[in-house]
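The values are calculated or read from the model by the stated rules, or taken from the named source; none is laboratory data. Model, not experiment: these values are computed from the prediction. FYI the Cβ positions are ideal-geometry reconstructions off the backbone, even for glycines, and counts take in every protein chain you see. Areas reflect the complete protein model, heavy atoms only, side chains present, ligands, DNA and RNA absent. Shrake-Rupley method; radii C 1.70, N 1.55, O 1.52, S 1.80 Å.
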Amino acid sequence: MSSIRRQSFLSLLFIYAGFLIGALNVLFLFPKYFTAEEFGLTRLLLELSLLLSTLGTMGMIPVSYKFFPFHKRYLTNKKNDLSFITLMVVLSGLALMLVLLYYFEPLIIRKFGYRSPLFIEYYDLIYPLTIGLTLFSFFEVYAWIIGKTYVSNFLKEFFFRLMSTILIILWVTGMIKGFDAFANWFSLTYLPPLFLLIFYIWQSKQVPFHIGVSSVTKRLGGKMAGFGLAFFASSALNAIAKTNDSIILASQSTQGLTDTAVFNIATYLITLMEVPQRSLISSVTPQIAIAWKDKNMDRLNAIYKKTALNLLIMGMALISLIWFNIDSLVFILGPTYSPITYLIIVLGAAKIIDMGTGMNSQILMLSKHWKIDLLSNMFFVISTLALNYILTREIGVMGPAYGGLISIICFNLIRFLAIWKFYKLQPFSKHNLKVLVAAMGILILIELLPISGNTIVISVIKSSLFIFSYGLFVLRTKISPDITDLVDKLKARFTKNP
């Protein structure tokens, strides 16, 4: 257990360190030292490589993780062929993606050429990025299998972003001359982490590599294929949902890559709100599974309501702080990025709705009505694609924001109604309304205060006032027993006599 805790701590440390470096790159260095179009190009290339690499792995990542224990149990290292079989499938999928990239290049030129000509100029850079990310994703799972998650997290979350920072510094200091040279170096940034990961796994000698097809693979081949196909469909849907905004903006928005850059900064800020959500999901999901196993509906109801309330409290705090600092960010970045203000309102509203409806996805996914979770995900992706395409053509950069908002409302409404219909569970109480009214009331009152000074000073003052007022409301009203208990424990720890 101590080893697990150590790896979890190191992984968390590298993820948050990488997040800070990523914030430095996305929110300051790229917008300051590159044109909006150049910055947008880097985002589009990364989004496309993410989509293509997800398709290229062909569902083999979960197959490797799930079936490795079976192969290890029934085969010796000399006959364990799982890594060889899965690698061959991934290489085949990767080759297919690269062929499709080449084959569809004329179509892509027609779609992107008018609004994002810079992308067409650097189209070939998708190839090294896709190769690097696809193979890294494949070998990453074997780092997990041998219990070295912190190594892959260091390379992917921290080292990759640090390399981008170093490239930007070399560009700013003139050691890299011309955007063409920078773009070419940028396209290779996944390769050093990949080579380091392969070297580490090879040196560990814990991953067998037998060329051939074993008896275990022959016996489990059907199950492996079915399992991989199911996860391939799920991961493909998730990848499309994550990347379609940038792709549609670059191809359909009037300002192409410039709008892509603006939208990516706004979405990066909104990801700040996902940190408590992701943390809560990882800790609460096992409890939901146990409650379903025990058929404990009271426990499920309590989890549903608590998570919705706690996520709403944290979500309203984060979106308010982001709002108070938007003017400062636009002041630093320049007028090109002024649409961020309006994007934050719409994207923030969508995220609040998603957080405020609690763990509806996990409750459905682990129930006997799990197909509703799958179908609602499919609906979300399809509706988002359609709305984003139509609205982007009509209103530009705000299109994906409104498209996402509409889809999120419908998506969560479907899940809410399904859980209410089948299990008579719902996540709301009077406390949720109190939180909304209090947070919005404090925000409006602070905005009405006649605070003078430069933009950054005003942002600091408003943020400080909000933290104090909103924190006082949450703690004094004891509206969330979980948050109150956490604060009491922290106070006890720091006030405890040595």
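Observations on the structure shown:
- Cross-link partners of Lys462 among aspartates and glutamates, defined as those whose alpha carbon lies under 16 angstrom from its own and excluding same-chain residues fewer than eight positions apart: Asp327, Glu447.
- The chain, accessible surface, carbon-and-sulfur percent (1.4 angstrom probe): 69 percent
- 23 Å Cα-Cα reach of Lys79 towards lysines, excluding residues that sit fewer than 8 places from it in its own chain: Lys66, Lys205, Lys218, Lys223
- Segment Leu13-Lys478, length gained on full extension (0.36 nm per residue, minus Cα span): 164.3 nm
- For percent of Cα pairs over 36 Å apart, the value computed from the atomic coordinates appears in the list (1) 43; (2) 31; (3) 37 under label (3).
- Using the Karplus relation 6.51 cos²θ - 1.76 cosθ + 1.60 with θ = phi - 60°, the per-residue 3J(HN,Hα) values for the range 435-451 come to 4, 4, 5, 5, 4, 5, x, 5, 4, 5, 4, 5, 5, 7, 5, x, 8 Hz, with x marking Gly and Pro.
- Overall form of the range 292-398 per C-alpha gyration tensor (a/c, 1.5; a/b vs b/c): oblate
- Think of the chain as having a plus end and a minus end, set by charges on the Cβ of Lys, Arg, Asp and Glu; of Leu20, Leu343, Thr357, Thr357 sits farthest toward the positive end of this dipole.
- Accessible solvent surface per residue of the chain, calculated while the other protein chains remain in place, 1.4 angstrom probe, Å²: 50 Å²
- Value of relative contact order over the range 27-150, rounded to a whole percent, pairs C-alpha under 8 Å and six or more apart: 41 percent
- Remark: the range 341-350, residue by residue, has Karplus-estimated 3J(HN,Hα) of 4, 6, 4, 4, 4, 6, 5, x, 4, 4 Hz, where x stands for each Gly or Pro and the curve is 6.51 cos²θ - 1.76 cosθ + 1.60 at θ = phi - 60°.
- The alpha carbon gyration tensor of the range 339-456 gives principal lengths a ≥ b ≥ c with a/c of 1.5 or higher and a/b no greater than b/c, which makes the shape oblate.
- Over the residues of the chain, the helix contribution to mean residue ellipticity at 222 nm works out to -27000 deg cm²/dmol, using -39500 (n - 2.57) for each DSSP H run of at least 4.
- A run of the chain free of exposed loop cleavage sites, with trypsin sites (Lys or Arg not before Pro) counted only in DSSP states other than H, G, I, E and B and at most 15 other beta carbons within 10 Å, reaches its longest extent at 1-176.
- For the range 372-491, relative contact order (Cα pairs under 8 Å, six or more residues apart, normalised by length) works out to 16 percent.
- Value of relative contact order over the chain, rounded to a whole percent, pairs C-alpha under 8 Å and six or more apart: 18 percent
- In this structure, Leu100 and Glu394 have a Cβ-Cβ separation that, at R0 = 22 Å, corresponds to a calculated FRET efficiency of about 0.15.
- The H on the amide N of Ser214, modeled in the peptide plane, is under 5 Å from the matching H of Asp81, each at least 5 residues off or on a different chain.
- Counted over all Cα-Cα pairs of the range 91-158, pairs farther apart than 17 Å make up 55 percent.
- For the range 129-193, the square roots a ≥ b ≥ c of the C-alpha gyration tensor eigenvalues yield an a/c of 1.5 or more together with a/b not exceeding b/c, which makes the shape oblate.
- Phi angles across the range 311-321 convert, under the Karplus curve 6.51 cos²θ - 1.76 cosθ + 1.60 with θ = phi - 60°, into 3J(HN,Hα) values of 5, 5, 4, 6, x, 5, 5, 5, 5, 5, 5 Hz, Gly and Pro given as x.
- Between the range 456-482 and the range 62-95, the alpha-carbon center distance in angstrom: 51 Å
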